[in-house]
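J.: I have a structure I would like to understand better, so I am pasting it below and will then ask my questions one at a time.
The values are calculated or read from the model by the stated rules, or taken from the named source; none is laboratory data. No experiment lies behind these values; they were computed from the predicted model shown. A quick note on method: Cβ atoms are made from the backbone with ideal geometry, for glycine too, and the neighbour counts reach across all protein chains shown.
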């Protein structure tokens, strides 16, 4: 074997490895379309996902509070704790096998009450839909490897960055599992509005 073939083999091996999360994503998409909650339960780390959604919801609520920049540190801490407390039930509602299916199906969790005037369904679906292997190409182009054991994929790949969900997959025991779903700007804003209404009632 010539010396120059070694880097070629390494590059081809790395390219083949970067394709492996797509097979997991393809199976995940098929489970979502079939509403297979048992598959979702086995291939999603609900502990890390729940923690992430609580963090995102609390951050969205704090960012929307108009008084946040001018308050004292003690009051800021109180608001932070209140935001986390109100974010927990939202996260609990969002992070179940059925709701993850609902969220990934079209990009919006209709089964979770986040206020009125839900977005209209997008033509062709706005979620994780992979009808054929060729459809994996745009998902591959919208993916980002994070080291050897993690990858982030934008869903749907055609949407602008602020309208995408970002699914993080991590390799564990030779299996790619969903460990996080970064919500898009529209969902975070709706969660912040829900928090604001709940906070107003408390006050």
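J.: Would you please name the residue that is modelled with the highest pLDDT, looking only at residues in the stretch 89-98 that are part of a helix (DSSP H, G or I), surrounded by 15 or more Cβ atoms within 10 Å (Cβ to Cβ) and more than 12 Å from the chain's Cα centre (by Cα)?
T.: Once the filter is applied, the top-ranked residue is 97.
J.: Look through the stretch 136-195, keep the residues that are without any contact (Cβ under 8 Å) to a residue 60 or more places away in the chain and touching a helix residue (DSSP H, G or I) at 6+ places or on another chain (Cβ under 6 Å), and return whichever of them is farthest from residue 22 (Cα to Cα).
T.: Going through the qualifying residues, I end up with 185.
J.: I'm told residue 116 meets every condition in (1) in contact with a strand residue (DSSP E or B) (Cβ under 6 Å, 6 or more places away or on another chain); (2) at pLDDT below 85 except one. Can you identify the failing condition by its number?
T.: Result: residue 116 fails condition (1) only.
J.: Which of the following residues is at pLDDT below 95 and over 20 Å from residue 168 (Cα atoms): 54, 6? Outline the logic, then answer.
T.: Numbers: 54 fails: over 20 Å from residue 168 (Cα atoms).
Just a single option satisfies the conditions, and that option is 6.
J.: I've got another one for you. Tell me yes or no: at least one residue of the stretch 66-87 is modelled with pLDDT of 70 or more, over 16 Å from the mean Cα position of the chain (by Cα) and under 30 Å from residue 151 (Cβ atoms).
T.: no
J.: In the stretch 2-52, how many residues are loosely packed, with under 14 Cβ neighbours inside 10 Å and not in a helix (DSSP H, G or I)?
T.: Selection size over the stretch 2-52: 5.
J.: Continuing with the same structure: For residue 59, only one of the following conditions fails: (1) in contact with a helix residue (DSSP H, G or I) (Cβ under 7 Å, 6 or more places away or on another chain); (2) modelled with pLDDT under 85. What is its number?
T.: Exception for residue 59: condition (1).
J.: If only one of 141, 136, 104, 128 is modelled with pLDDT of 85 or more, closer than 27 Å to residue 34 by Cα and in contact with a strand residue (DSSP E or B) (Cβ under 6 Å, 6 or more places away or on another chain), which one is it?
T.: The match here is 128.
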